[in-house]
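**Q** Structure in structure tokens, see below.
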Amino acid sequence: MSHLMAEMPWTQYRRRIDAGAVVLLPLGSVEQHGPHLPLGTDHLLATAVSADAARMLAGRGRDAMVAPALAYGYKSQPHMGGGQAFPGTTSLDAMTLIGQVRDILRELHRHGCRRIVVVNSHCENQAFAWEGIDLARREHPQLRVMRLEYWDFTAPSTLDAVFPDGFPGWALEHAAVVETSLMLHYHPALVDMAALPDEPAAAFPVWDLCPQPDGLVPSQGVLSPARGADAAKGARIAADCVAGIVDAVLRDLR
């Protein structure tokens, strides 16, 4: 039985909603991820992790479905996504993203859904996703919504194994070892390891400046070297993230 909402007829969807299924809503972006990863990396990973979580939830007695991803995200920021200067990065204004999250939650409520997990894969979406959730719940206080970033469930022991020389931090992991490894695990045909850039990690000041200064971001858009990424590391990271999401849902989204 598919867990992807887009692949099922409305009759099956309604039966599962009426029976209390949780809906996972992936949030991503259309954003450059270096020359070796596709522009859709964020929403592809959010959907893949959500689908794995839905399957694991079903195995633990809690039905779950994955809504089509909200594929566009808030404006890419230089220190976490390379900024807006790269061709292909296609972003939303804050109010547009807030409105889309609010409207999707309103619609899910109209369908009868009362438990939703917003699975975010783009750092810049965080505050605006929460605002959309808050606005939807003002109208429909029966909604219970969990918002999370999947990477936060990665265990310290996994990070130690993946980064034996030290973890550079999540902000610099844009298009680097974690995302490249996850894409090799979930979507290997979309990864071009021959195009992997060999540039040093970005070094950002503690302030932002508008307009963005030239030379602030590495020329290929990868904020930290992706050398050493592989599918086995992606599988280990994915296992942590999926298990963490499932445990959170079973514990707190009753």
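Bear in mind these aren't lab numbers, they're just calculated from the coordinates by the rules spelled out. If you're wondering where the values come from, they're calculated on a predicted model, not measured in any experiment. No Cβ is skipped: glycine too gets one built from the backbone with ideal geometry, and neighbour counts run over all protein chains shown.
**Q** Convex hull over the alpha-carbon atoms of the range 1-126: what's its volume per residue in Å³?
**A** Details: hull volume 13.6 nm³, N = 126.
Per-residue hull volume (Cα only) is 108 Å³.
**Q** Also, quick follow-up: Over the residues of the range 178-233, compute the C-alpha Rg and express it relative to 2.2 N^0.38 Å.
**A** 1.36
**Q** Then there's this: Compute the helix-to-body angle for 41-59: its Cα long axis versus the longest principal axis of the chain, expressed 0 to 90° and rounded to tens.
**A** Taking Cα atoms only, the helix is inclined about 40 degrees.
**Q** OK, next. Among VAL242, ALA6, PRO168, whose Cα sits farthest toward the positive end of the charge dipole of the chain (+1 at Cβ of Lys/Arg, -1 at Cβ of Asp/Glu, about the Cα centre)?
**A** Final value for the positive-end residue is ALA6.
**Q** Mind jotting down the three principal axis lengths of the range 84-128 based on Cα atoms? Whole angstrom, largest first.
**A** In descending order, the Cα extents are 41, 18, 17 Å.
**Q** If you don't mind, another one. Over the chain, one equal point on each Cα, no solvent: what is log10 I(q)/I(0) by the Debye formula at q = 0.17 Å⁻¹?
**A** Per q value, in the given order, log10 I(q)/I(0) is -1.29.
**Q** Can you compute the radius of gyration and Dmax for the range 139-192, using only the Cα atoms, both in Å?
**A** My reading of the Cα-based Rg and Dmax gives 15.4, 49 Å.
**Q** So what is log10(I(q)/I(0)) for the range 84-165 at q = 0.14, 0.19, 0.24 1/Å, when the Debye sum runs over its Cα atoms only?
**A** One equal scatterer on each Cα of the range 84-165 leads to -0.60, -0.85, -1.09.
**Q** Express in whole angstrom the spacing between the alpha-carbon centres of the range 1-56 and the range 73-102.
**A** For the range 1-56 versus the range 73-102, the Cα centre distance is 20 Å.
**Q** Angle between the Cα long axis of helix 231-252 and the longest principal axis of the chain, 0 to 90 degrees, nearest 10?
**A** Roughly 40 degrees, rounded to the nearest 10.
**Q** Most mobile of PRO168, PRO205, PRO68 per a Gaussian network model of the chain (Cα springs, under 10 Å)?
**A** PRO205
**Q** Regarding the range 201-254, what's the average projected area of the Cα-atom convex hull, expressed in nm²?
**A** Working: hull surface 27.0 nm².
Dividing the Cα hull surface by four gives the mean projection, 6.8 nm².
**Q** So what's the angle, to the nearest 10 degrees on a 0 to 90 scale, between helix 177-186 and the longest Cα principal axis of the chain?
**A** 50 degrees
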